[in-house]
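Please read the structure below before turning to the comments.
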Amino acid sequence: GQNIDQPTEMTATEGAIVQINCTYQTSGFNGLFWYQQHAGEAPTFLSYNVLDGLEEKGRFSSFLSRSKGYSYLLLKELQMKDSASYLCAVRDPYNQGGKLIFGQGTELSVKP
Amino acid sequence: DAGVIQSPRHEVTEMGQEVTLRCKPISGHNSLFWYRQTMMRGLELLIYFNNNVPIDDSGMPEDRFSAKMPNASFSTLKIQPSEPRDSAVYFCASSSGLAGAETQYFGPGTRLLVL
């Protein structure tokens, strides 16, 4: 079966650092995506990892360990606008076209 | 460059009515995905197409749901008859190919309320 776990919600302070974890058990793996979704809006792409290690992109970084079935999204210098839901998604390698399996999302609240 | 376009943005209908949602993918993208999002179930893939051909429709809830992609620039998701439990946000997304790190780009969604 396919299972992706993320914490339901997190709270952090403006200017701080927060780490959002994602663990997955899937029948196959061909990459892990992180998406950001503000309330009432569509998900937007943040990052992609297919090899182990850290990918850094500005204030956001994403880490992957394939052997542990684990990823995290690190947000630095938090801003109020970072309050959103963060979705972890794994790509299924057994379907042409890149089917993604999404976690339930982590609702992040950034407080002043 | 225009992103994924969906219409209508909002739809309120009564139980038993037919609902048709429309999507125009990003030009040049050859994969198209229909998702449904609810508080209870999160973001679920309903069906996706590659080069206008349905590849995986295992997420389509039941026979009341159908999807078509008559050409590379247009797709529809139809619910007939609609039921209150179909109330959700329906997203269409597109991506550029089969392999590699092709990102899915989401449309703004259609917010459906079935009374």
- Note on the structure: Accessible-area loss of at least 30 Å² in the complex relative to the chain alone (1.4 Å probe) applies, within the range A:25-51, to A:35, A:37, A:40, A:42, A:43, A:45, A:48
- Item | A:10, A:80, B:40, B:15, reordered so the largest accessible area comes first (probe 1.4 Å) | B:40, B:15, A:80, A:10
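Considering only the other residues whose Cβ falls under 12 Å of the Cβ of residue B:15, what net charge follows from Lys and Arg at +1 and Asp and Glu at -1? If you can, show how the numbers build up before the last one.
Working: positive: B:64, B:85; negative: B:14, B:18, B:83, B:86.
That sum, taken over residues with Cβ under 12 Å, equals -2.
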- Note on the structure: About its Cα centre, the protein assembly as shown carries a charge dipole, from +1 on Lys and Arg Cβ atoms and -1 on Asp and Glu Cβ atoms, whose size in debye to the nearest 20 is 200 debye
- Local net charge near residue B:54, Cβ-Cβ under 13 Å (Lys/Arg +1, Asp/Glu -1): 0
- Task: Taking 7 Å along the Cα-to-C-beta vector as the label spot, tell me the residue A:16-residue A:65 distance in nanometres, rounded to one decimal.
- Result: 2.3 nm
- Per the charge dipole of chain A (beta-carbon charges, Lys/Arg positive, Asp/Glu negative, Cα centre), the residue among A:48, A:34, A:93 reaching farthest to the positive end is A:93
- Query: Using protein heavy atoms only (no ligands, DNA or RNA), what is the total accessible area buried between B and A, 1.4 Å probe, nearest 100 Å²?
  - Reply: 1700 Å²
- GluC sites (Glu not before Pro), restricted to the range B:2-66: which are DSSP loop and have at most 16 other Cβ atoms within 10 Å? B:14, B:18, B:62
- Query: What's the extension gain from residue B:71 to residue B:18 if we count 0.36 nm per residue and subtract their Cα-Cα distance?
  - Reply: 16.9 nm
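Can you pull out the GluC sites (Glu not before Pro) in the range A:26-80 whose DSSP state is coil and whose Cβ has at most 11 other Cβ atoms within 10 Å?
For GluC sites (Glu not before Pro) across the range A:26-80 that sit outside H, G, I, E and B with at most 11 neighbouring Cβ atoms in 10 Å, the list reads A:77.
Indicate, rounded to the nearest 5 percent, the antiparallel portion of the DSSP beta bridges found entirely in the range B:3-115.
The answer is about 90 percent antiparallel.
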- Note on the structure: Of the accessible area of the protein assembly as shown, computed with a 1.4 Å probe and all protein chains kept, carbon and sulfur make up a percent value of 50 percent
- How many Lys pairs in the protein assembly as shown lie less than 16 angstrom apart by Cα atoms, where the lysines are 8 or more positions apart or on different chains? 6
- Rolling a 1.4 angstrom probe over the protein heavy atoms, how many square angstrom per residue are accessible across the range A:34-74? 50 Å²
- Task: Under 11 Å from the Cβ of residue A:70, count the other residues' Cβ atoms, weight Lys and Arg +1, Asp and Glu -1, and hand me the total.
- Result: 0
- Magnitude of the Cβ-charge dipole (Lys and Arg +1, Asp and Glu -1) of the range A:34-100 about the Cα centre, nearest 20 debye, reported as 100 debye
- Query: Under unit Cβ charges (Lys, Arg +1; Asp, Glu -1), what dipole magnitude, rounded to 20 debye, does chain A have relative to its Cα centre?
  - Reply: 180 debye
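The values are calculated or read from the model by the stated rules, or taken from the named source; none is laboratory data. A quick note: this is a predicted structure, and the numbers were derived from the prediction, not measured. In this analysis, Cβ positions are derived from the backbone assuming ideal geometry, glycine residues included, and neighbour counts consider all displayed protein chains. When the accessible area is computed, the model is the full protein with side chains, heavy atoms only, and any ligands, DNA or RNA have been set aside. Shrake-Rupley method; radii C 1.70, N 1.55, O 1.52, S 1.80 Å.
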